[in-house]
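The values are calculated or read from the model by the stated rules, or taken from the named source; none is laboratory data. Keep in mind that what you see is a predicted model, and the values were worked out from it rather than measured. Ideal geometry is used to build each Cβ from the backbone, glycine not excepted, and the neighbour counts take in all protein chains shown. Side chains included, ligands, DNA and RNA excluded: accessible areas come from the protein's heavy atoms. Shrake-Rupley method; radii C 1.70, N 1.55, O 1.52, S 1.80 Å.
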Amino acid sequence: MIDAPEGTNGSKSPVIEVVALGKQVASGDGVLTILHQIGFSVEMGEAVAIVGSSGSGKSTLLGLLAGLDLPTAGTVNLAGQDLADLDEDGRAELRGRMLGFVFQSFQLLPSLSALENVMLPLELAGRDDARGVAQEMLGRVGLADRLSHYPKHLSGGEQQRVALARAFAVKPALLLADEPTGNLDVATGAQIIELMFAMNTEQGTTLLLVTHDEALARRCGRVLRLVGGRLAED
């Protein structure tokens, strides 16, 4: 896990800081404002939920926080680095060092086994212990006997466990989770939630969770609510 950068007074800076963030896109009626004047910061080790109805801008915001898209106004600082100051390769390199991702649709590579899916980000980071770490993480999520299985041979809950193992294997400073239980039944989703928070606590990883599930949001220490592209804090 990467420590948060230190400020000028020696204190820890936020893992992520968002200032006056805005996003507009062209539409048939002119310009559509998706996000307007969004501002918040997340400290190391926090668990923060971003909630809102469909179309409120949650996924757009997550893409901006990850540097997958750039804002039309404002800034996103990740570990003290303004993402807009980096080119695409620079943002990708920072994501590889700092971030883990868990998606509603799992995003596993179908041609790779469970073990190979978890090994991939470790190998991209140049780790020579990728296989051992991946095996350990898959064991941690209860899939020690599924290492050679491909995604099509795994249940939805098992695929999300692989995704969790992959996300936490690199010991990210910040984990971004986008509706991580959206494709799971209630019982399986509850198991995934418990596992995610347990691993979050064990590693001290900062968690930023996008969800429409109010019960899941209440598990976090803070809730940020998007309404019509604007932010309010519960």
Pick from LEU32, LEU176, LEU209: which is most flexible by mean-square fluctuation in a GNM of the chain where alpha carbon atoms under 10 Å apart are linked? LEU32
If every alpha-carbon in the stretch 53-157 counts as one equal scatterer, what log10 I(q)/I(0) does Debye give at q = 0.13 1/Å? -0.63
Mind telling me which of GLN160, GLN203, GLN24 comes out most flexible in a GNM of the chain, alpha-carbon contacts under 10 Å? GLN24
Under 15 Å from the Cα of LYS152 - aspartates and glutamates, other chains or at least 8 residues apart: GLU116
At a probe radius of 1.4 Å, what is the per-residue accessible area of ASP85, in Å² to the nearest 10? 120 Å²
Note to self: with every protein chain in place and a 1.4 Å probe, the stretch 1-149 gives an accessible area per residue in Å² of 50 Å²
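What does the convex hull of the alpha-carbon atoms of the chain project to on average, in nm²?
Values: hull surface 54.5 nm².
One quarter of the hull surface, i.e. the mean projection, equals 13.6 nm².
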Roll a 1.4 Å probe over the protein heavy atoms and report the accessible area of ARG230 in Å², nearest 10. 130 Å²
How large is log10 I(q)/I(0) at q = 0.14, 0.16, 0.23 Å⁻¹ when the Debye formula is applied to the Cα atoms of the stretch 2-118, each weighted equally and without solvent? -0.71, -0.89, -1.41
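State, as an integer percentage, the relative contact order of the chain based on alpha-carbon contacts under 8 Å between residues 6 or more apart. Each step should come with its number before you reach the end.
Details: 444 pairs, mean separation 67.4, N = 234.
It comes to 29 percent, rounded to a whole number.
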Rounded to the nearest 500, the 222 nm mean residue ellipticity computed for the chain from DSSP H runs (n ≥ 4, each -39500 (n - 2.57)) alone is -10000 deg cm²/dmol
Solvent-accessible area, 1.4 Å probe, carbon plus sulfur percent, for the chain: 49 percent
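Keeping all protein chains in place and using 1.4 angstrom, which order do LYS58, LYS152 fall into by accessible surface area, from largest down? Could you put the intermediate results ahead of the total?
Values: LYS58 25, LYS152 170 Å².
Reading off the accessible areas and sorting them downward yields LYS152, LYS58.
Excluding LEU83 itself, calculate the net charge of residues whose Cβ lies under 14 Å from the Cβ of LEU83, where each Lys or Arg counts +1 and each Asp or Glu counts -1.
Working: positive: LYS23, ARG91, ARG95, ARG97; negative: GLU17, ASP69, ASP82, ASP85, ASP87, GLU88, ASP89, GLU93.
Every neighbour counted, the sum reads -4.
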